[in-house]
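One structure is given here, and the rest of the page talks about it.
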Amino acid sequence: MSERNYSLTGLNQFLDYALEKGLMKKETAAGRKRAANQVLGILDDHELQDLRMVDLEATASRFAILQGSNFKPSSLQVYVSRTKSAVQDFISYVDDPINFKSSVNIRANPTNGNSKKTKKNIKIALLLLLLRINRLIVSTTGTAKTYIHKRPEHLYFRFRYART
């Protein structure tokens, strides 16, 4: 990737490179590559030589008209979104490879769909710590569920004052 190549071929090489160097996860790179090749595949060869000049909104509309019957509306939106992200990252990389940062959001600590539960457990732990610091001790007998009434909008505690 030493030359400034803004073509569809360059985009495909970039996505392969990003996968190889760990700039994107395998599924992300493959999904973007598949979507970009589908969406941009409706363009003429001369249009594919410089993706900076491609109007992605107009191309997405053309793709929806030509190929829309083969996709669900939600799938079309995903394909267009992946294509835009792929092209934006590609252009950003070609313009400044040293300072390139992918637009892919990589979670530091994936929650696997338990984000509400995790947030709630963090709130509970912080409130328990606060109560202990302020000498309001939650009884340690039984489980925490016995003393914490779970409601999404509020956390209620039954507590007693620790006398010293």
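Taking the fewest neighbouring Cβ atoms within 10 Å as the starting point, the ordered list for PHE14, PHE63 is PHE63, PHE14.
In this calculation the C-beta distance from SER61 to LYS119 is compared with R0 = 30 Å, giving a FRET efficiency of 0.15. With both labels modelled 7 Å from their Cα along Cα-to-Cβ, the ASN70 to GLN88 distance reads 2.6 nm. Pairs with C-alpha atoms separated by more than 26 Å, drawn from the list LYS26/LYS72; LYS25/LYS120; LYS21/LYS72; LYS21/LYS84, are LYS25/LYS120; LYS21/LYS72.
Projected label points at ARG52 and ILE98, each 7 Å from Cα along the beta carbon direction, are separated by 1.9 nanometres.
Computed from the C-beta positions of GLN13 and GLN77, the FRET efficiency with R₀ = 25 Å rounds to 0.40.
Bear in mind that the values in this text are calculations on the coordinates, not laboratory data. Given the structure is predicted, the values throughout are model-derived calculations rather than measurements. Ideal geometry is used to build each Cβ from the backbone, glycine not excepted, and the neighbour counts take in all protein chains shown.
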